[in-house]
Amino acid sequence: MGPNQQWHVSCRDVAGRRRDMSVFVNHGRVVIVAPPGETAVLSPLEVGRLRAALRDAVVTAAGAE
């Protein structure tokens with residue numbers, strides 16, 4: 001996996017602890033990895049970063065086909 005094919009988005013869990021979500025492309029598909037066993041709580045800025053990561057991943061995945 002190249003350096004431009006994985007994105008990280010900061011978030012918090014329900015208890016307010018800092019966590020990360022990962023977005024990456026695997027065989028032309030977009031994969032989202034949330035904190036294990038947790039709920040991701042995102043601020044408006046973090047939602048914007050997730051949106052940007054998903055957009056970039058979709059462009060990368062589309063190019064892999």
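The values are calculated or read from the model by the stated rules, or taken from the named source; none is laboratory data. It should be emphasised that the depicted structure is a prediction, and the values quoted were computed from it without experimental measurement. All Cβ positions, glycine included, derive from the backbone under ideal geometry; neighbour counts span all protein chains shown. Areas reflect the complete protein model, heavy atoms only, side chains present, ligands, DNA and RNA absent. Shrake-Rupley method; radii C 1.70, N 1.55, O 1.52, S 1.80 Å.
The table below lists the values:
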read-out	value
Members of segment 19-65 found to be touching an Asp or Glu at 6+ places or on another chain (Cβ under 6 Å) and either of a type in the set (Gly, Ala, Ser) or over 14 Å from His8 (Cα atoms) (or both), listed by number	Gly28, Glu38
Criterion (part of a helix (DSSP H, G or I), open to solvent by 70 Å² or more (accessible area, probe 1.4 Å) and in contact with a Ser or Thr (Cβ under 9 Å, 6 or more places away or on another chain)) met by exactly one of Arg49, Arg55	Arg49
Subset tally (residues that are in contact (Cβ under 8 Å) with a residue 24 or more places away in the chain and closer than 21 Å to Gly63 by Cα) for segment 9-25	3
Elements of type strands (runs of 3 or more DSSP E) contained in segment 1-44, each with 3 or more residues being loosely packed, with under 15 Cβ neighbours inside 10 Å	18-26, 29-33
